[in-house]
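Report on one structure; see the data block that follows.
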Amino acid sequence: MTGPSHARAGAETDTVDVAIIGGGVLGTAVAARLSTTTASVCLLEAESDVAEGASKGNAGVAVSYYGPPGTLETQLITASTPRWEELTARLSVPYRRLGAVMVALDDEQAHHLEETREEILACGVRAELLTSAQTCAQEPLVTDRCVAGLLMPDEGVIDPMALTVAYANLAASNGVSVRLASPVTAIRTDDDGRHLITTAQGTVRCRFIVNAAGVAAGRISRMAGGEDMRYWPRKGQYAVLDRAFAGSLRRIVFSTHSATTKGINVVPTTHGSALLGPTANDHEEPDDKATDADTVAMLVASASGLVPSITDDLIIKYFAANRPASDEPHRLRFDERIPTLLHCTNRSAGVSISPAAADHVLELLNSAGLDAQPRRDAAQALPPAPRLRDYDDPSELIAADPQYGQVVCACEHVSAAEINRALAAPVPASSVDGVRKRTGATYGRCQGSLCSAGISFLTALHTNTGPATVKQTARGTVGS
Ligand SMILES: Cc1cc2nc3c(=O)[nH]c(=O)nc-3n(C[C@H](O)[C@H](O)[C@H](O)COP(=O)(O)OP(=O)(O)OC[C@H]3O[C@@H](n4cnc5c(N)ncnc54)[C@H](O)[C@@H]3O)c2cc1C
């Protein structure tokens, strides 16, 4: 790979202080944070929507603990953990602090729970050892084969796609230029030492680059003349359980971590369904998100070892996503060769670190000379965004806006008001999948069989297209 070449900025070039490459949860969190300062910022995303990489297909566990104390990743998790209620209320993002039980099925695992507890306490987080009976009292669906448990009361679940979209909407509301369908194809340096970033939609000139390109971060680094870093996809498969069963889960149920794996877990979602997974398999193709029957059978077998009432007839969907794996699983630091290139990637806990990671990026940029000061007129919150499914009695909501009475997705109780809001947001949905990511529509038992036509129709009205040409996903079209 060659280093950066030099060029003069053209007249059509946009100039900003900071260009963020990648519209996943980390890139958008950084964009939202910087948007409340005096820095000028643009966000460049290859796909035609945000939340299309790892941030689209994860479990959304806002973990309070992921590894030993003393690492920057652990510090960022610990700093983020107490902030979720305030942050998600401000950004109108679904969040539930359910707490978790980690379940030991034999004496060896029980011994491991004691070590895990010590590590969690050393991170400054709460954890409590439980007897078998206490574990089953915390989560009555847990197997009576359980010999011990560990209560982790600070764990929560968040809607990771809604969080990513909300970060992007706050950033855009505060003036960040969010450029979708703008894959970065080259990075050069001009005579003033500024980066010149070539995208499919023009050129951006900037002083600092935040490299939040996930599994493509190594490629971006090499384009900019930075370190030769290797990233590869680590696939995780999930099975989704219907809300009819999942609604009775009280807590996240973790299997006992071992030295090599965090195992298969049972994770309630903010929508009321539950996820079984994830697996972890390294491979080479970032677009490979295929699931397979053998893995799904393994997920059900493992999960039913924790919660025996789980059976495969409760499954409504499978999916997979790829973690951005690397020899440095958490990279939040300046490049060793290019002092204005800041790497911001995380393999397995990017959602959980995102609030504190964004603050940390701002501190690093300021210490490198950005001088981004707080902006008094910047919005810190998004307008309230009520969801029909959160109301036992929605009559007041419907009286205020009759579109809440028009239910488009019956399985997930999503109304026309929510879909139209997603289609008119600062970073709007532009496909059926974009509406799903923002509202949960199509996510339920019928998987969109009944509501896709209605969503396509509303999307067509907002995007000035015909329903037959509305895109199904950020990349494809209906029927493709
Ligand atoms: C199966 C699975 C389960 C997980 N579970 C959890 C969990 O429970 N809790 C948790 O905290 N974390 C979890 N994670 C990890 C979490 O999903 C990631 O750490 C996080 O999503 C990484 O976010 P990101 O923004 O760095 O990357 P991504 O979301 O991958 O975003 C990178 C973006 O960069 C864009 N891009 C790439 N190349 C270019 C280019 N040339 N130009 C412009 N844009 C480009 C991509 O299109 C993409 O949108 C899980 C991950 C997986 C896969």
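Here are the numbers for the structure shown:
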item: Order by protection proxy (mean Cβ within 10 Å, highest first), peptides 86-98, 373-385; result: 86-98, 373-385
item: Highest-first arrangement of 360-370, 289-299, 75-85, where packing means the average Cβ count within 10 Å; result: 75-85, 360-370, 289-299
item: Mean projected area (nm²) of the alpha-carbon convex hull when region 388-469 is viewed from all directions; result: 5.3 nm²
item: Hits among aspartates and glutamates - C-alpha to C-alpha of Lys56 under 12 Å, sequence gap 8 or more where chains match; result: Asp159, Asp433
item: Solvent-accessible surface (1.4 angstrom probe) belonging to Tyr238, in square angstrom, nearest 10; result: 20 Å²
item: Region 388-469 - percent relative contact order, Cα under 8 Å, separation 6 or more; result: 24 percent
item: Percent carbon-and-sulfur accessible area, the chain, ignoring ligands, DNA and RNA, probe 1.4 Å; result: 51 percent
item: Accessible surface, per residue, of the chain when the full set of protein chains is kept, probe 1.4 Å, Å²; result: 40 Å²
item: Residue-averaged [θ]222 nm for the chain, counting only DSSP H segments that reach four residues, each worth -39500 (n - 2.57); result: -8500 deg cm²/dmol
item: Percent RCO, i.e. relative contact order, over region 136-251, from Cα pairs under 8 Å lying at least 6 residues apart; result: 18 percent
item: Ranked packing of 146-158, 275-287, most packed first, by mean Cβ within 10 Å; result: 146-158, 275-287
item: Alpha-carbon gyration tensor eigenvalues x 5, square-rooted, for the chain, Å; result: 36, 29, 21
item: Relative contact order (percent, whole number), region 36-124, Cα cutoff 8 Å, 6+ residue spacing; result: 32 percent
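The values are calculated or read from the model by the stated rules, or taken from the named source; none is laboratory data. Not measured: the values here are computed from a predicted model. Cβ atoms come from the backbone with ideal geometry, glycine included; neighbour counts cover every protein chain shown. Note: accessible area is taken over every heavy atom of the protein model, side chains too, but ligands, DNA and RNA are not part of it. Shrake-Rupley method; radii C 1.70, N 1.55, O 1.52, S 1.80 Å.
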